[in-house]
Amino acid sequence: MALLTDLINLDLSDSTEKIIAEYIWIGGSGMDLRSKARTLPGPVTDPAKLPKWNYDGSSTGQAPGEDSEVIIYPQAIFKDPFRRGNNILVMCDAYTPAGEPIPTNKRHDAAKIFGHPDVVAEVPWYGIEQEYTLLQKEVKWPLGWPLGGFPGPQGPYYCGIGAEKAFGRDIVDAHYKACLYAGVNISGINGEVMPGQWEFQVGPSVGISAGDEIWIARYILERITEIAGVVVSFDPKPIQGDWNGAGAHTNYSTKSMREEGGYEVIKKAIEKLGLKHKEHIAAYGEGNERRLTGKHETADINTFKWGVANRGASIRVGRDTEKEGKGYFEDRRPASNMDPYVVTSMIAETTLLWNP
């Protein structure tokens with residue numbers, strides 16, 4: 001008699017050319033990922049060749065009950081690490097039946113900015129450091145923390161090893177490999193300052209693909225924590241008090257910044273970002289005021305400052321970039337729950353298209 005795991009791991013290619021496509025989209029809160037699967041007649045590698053689909057928007061907070069149909073357009077394809085074989089994950093964005101992007105579809109406007117000739121010419125690269133916290137499912141308290149109590153103070157946990165310092169490494173490593181399998185340009189992982197908190201990095205990714213890859217990496221992480229019976233939180237300050245918050249530091253460079261004389265281009269871009277500080281903060285994630293306090297490696301939310309190798313700044317420039325006179329910078333303001341489509345396109349728009 002076959003076991004459940006045997007059936008889950010069935011290799012479909014032995015008996016059929018058909019594949020399973022898991023369509024993924026962002027729900028009404030702007031942070032909740034939803035997905036459903038459909039059968040396709042054979043392997044597909046081009047999202048333009050995939051059929052559009054629909055879902056009940058009244059059940060995701062994205063449409064009224066009397067006109068609930070929302071149409072999803074396939075935008076990017078990744079290999080499915082859960083079903084494997086030729087099966088795929090499909091990142092979609094959402095539209096009304098008339099073809100208008102719905103309000104929570106932030107990808108549509110981002111794609112317009114990334115399609116602008118001035119932006120295309122500058123080939124914007126992004127490296128996003130996604131922090132998150134693993135929580136015990138029944139009590140919503142960080143993994144490895146004593147129930148109703150606290151572990152020892154911060155210090156030994158950042159990049160730490162050992163059963164009393166690193167909690168949830170099996171989940172983190174499973175996620176790392178699953179992302180590589182899927183085709184996400186994941187570039188690393190590490191344990192973070194607060195115990196139970198981890199980080200993965202995606203990039204360098206060009207333009208709109210940075211947003212697609214972060215969302216798919218988040219989806220894969222949520223699916224793995226579902227299997228493990230653990231909750232993943234993207235709250236920017238999951239535990240109040242003397243504990244680090246969670247961010248999504250966004251590293252950015254353009255062609256001009258990466259070439260000779262790039263340091264001057266970087267300084268001009270940072271100056272523009274400073275002039276639009278309030279607008280960026282408003283779009284950089286909910287609850288960020290609990291994290292950006294001027295403590296725990298952050299700049300105060302109302303203050304814009306930049307510096308070389310300064311982790312208490314809004315924008316940090318690396319020592320290598322200063323020394324070589326070209327490179328990239330890091331926007332340390334985005335919260336862990338930011339929308340990568342919004343943040344990446346806004347940085348491009350402010351630094352490349354906006355003239356103060």
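The values are calculated or read from the model by the stated rules, or taken from the named source; none is laboratory data. The structure presented is a predicted model; accordingly, all values stated were derived computationally and were not measured. For neighbour counting, all protein chains shown are included, and Cβ atoms are generated from backbone atoms with ideal geometry for every residue, glycine included. Each accessible area value is taken on the protein alone, full model and side chains, heavy atoms only, with ligands, DNA and RNA left out. Shrake-Rupley method; radii C 1.70, N 1.55, O 1.52, S 1.80 Å.
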- Note on the structure: Reported set for the stretch 162-183 where residues are in contact (Cβ under 8 Å) with a residue 24 or more places away in the chain and aliphatic (A, V, I, L, M) is ALA166, ILE171, VAL172, ALA174, ALA178, ALA182
- at positive phi and not in a strand (DSSP E or B): does that describe GLY155? yes
- Task: Restricting attention to the stretch 39-67, report how many residues are closer than 18 Å to ASN105 by Cα and part of a strand (DSSP E or B).
- Result: 4
- State which residue pairs qualify: first residue under 15 Å from ASP242 (Cβ atoms) and surrounded by 14 or more Cβ atoms within 10 Å (Cβ to Cβ) and inside the stretch 144-161, second residue of a type in the set (Phe, Trp, Tyr) and modelled with pLDDT of 95 or more in any location, beta carbons under 6 Å apart, and separation of 6 or more residues or different chains. PRO151/TRP145
- Leading residue by the ranking (most open to solvent (accessible area, probe 1.4 Å)) among those in the stretch 300-321 that are of a type in the set (Val, Ile, Thr) and under 15 Å from ALA335 (Cα atoms): ILE301
- Message: For the condition in a loop (DSSP other than H, G, I, E, B) and of a type in the set (S, T, N, Q), what is the one hit in THR104, THR133?
- Response: THR104
- Taking into account only those residues within the stretch 333-356 that are more than 26 Å from GLY27 (Cα to Cα) and touching a Leu at 6+ places or on another chain (Cβ under 9 Å), which is most open to solvent (accessible area, probe 1.4 Å)? PRO356
- Task: Pull up the stretch 300-326, narrow it to residues that are hydrophobic (A, V, I, L, M, F, W, C) and in contact with a helix residue (DSSP H, G or I) (Cβ under 6 Å, 6 or more places away or on another chain), then point me to the one that is modelled with the lowest pLDDT.
- Result: ALA309
- Within the stretch 109-128, can you find the residues that are open to solvent by 50 Å² or more (accessible area, probe 1.4 Å) and in contact with an Asp or Glu (Cβ under 9 Å, 6 or more places away or on another chain)? HIS116
- Item | Complete set of residues in the stretch 37-72 that are crowded, with 17+ Cβ neighbours inside 10 Å and either closer than 18 Å to ILE26 by Cα or in contact with a helix residue (DSSP H, G or I) (Cβ under 6 Å, 6 or more places away or on another chain) (or both) | TRP53, TYR55, GLY57, THR60, GLN62, ALA63, VAL70, ILE71, ILE72
- Residue among GLU260, GLU279, GLU297, GLU286 that alone is surrounded by fewer than 18 Cβ atoms within 10 Å (Cβ to Cβ), in contact with a strand residue (DSSP E or B) (Cβ under 9 Å, 6 or more places away or on another chain) and at negative phi: GLU286
- Test for SER253: is it within 20 Å of ASN355 (Cα to Cα) and either open to solvent by less than 10 Å² (accessible area, probe 1.4 Å) or in contact with a His (Cβ under 9 Å, 6 or more places away or on another chain) (or both): yes
- Task: Considering only the stretch 308-324, state which residues are in a helix (DSSP H, G or I) and not β-branched (Val, Ile, Thr).
- Result: ARG319, ASP320, GLU322, LYS323, GLU324
- Pull up the stretch 214-249, narrow it to residues that are touching a residue at least 60 places away in the same chain (Cβ under 8 Å) and basic (Lys, Arg), then point me to the one that is surrounded by the most Cβ atoms within 10 Å (Cβ to Cβ). ARG218
- Task: For the stretch 250-283, enumerate the residues that are aliphatic (A, V, I, L, M), without any contact (Cβ under 8 Å) to a residue 12 or more places away in the chain and more than 16 Å from GLU322 (Cβ to Cβ).
- Result: ALA282
- Look through the stretch 4-21, keep the residues that are in a helix (DSSP H, G or I) and of a type outside the set (Asp, Glu), and return whichever of them is surrounded by the most Cβ atoms within 10 Å (Cβ to Cβ). LEU12
- Query: When LEU134 is evaluated against the numbered criteria (1) touching a Lys or Arg at 6+ places or on another chain (Cβ under 7 Å); (2) surrounded by 17 or more Cβ atoms within 10 Å (Cβ to Cβ), which criterion, by number, is the only one it fails?
  - Reply: (1)
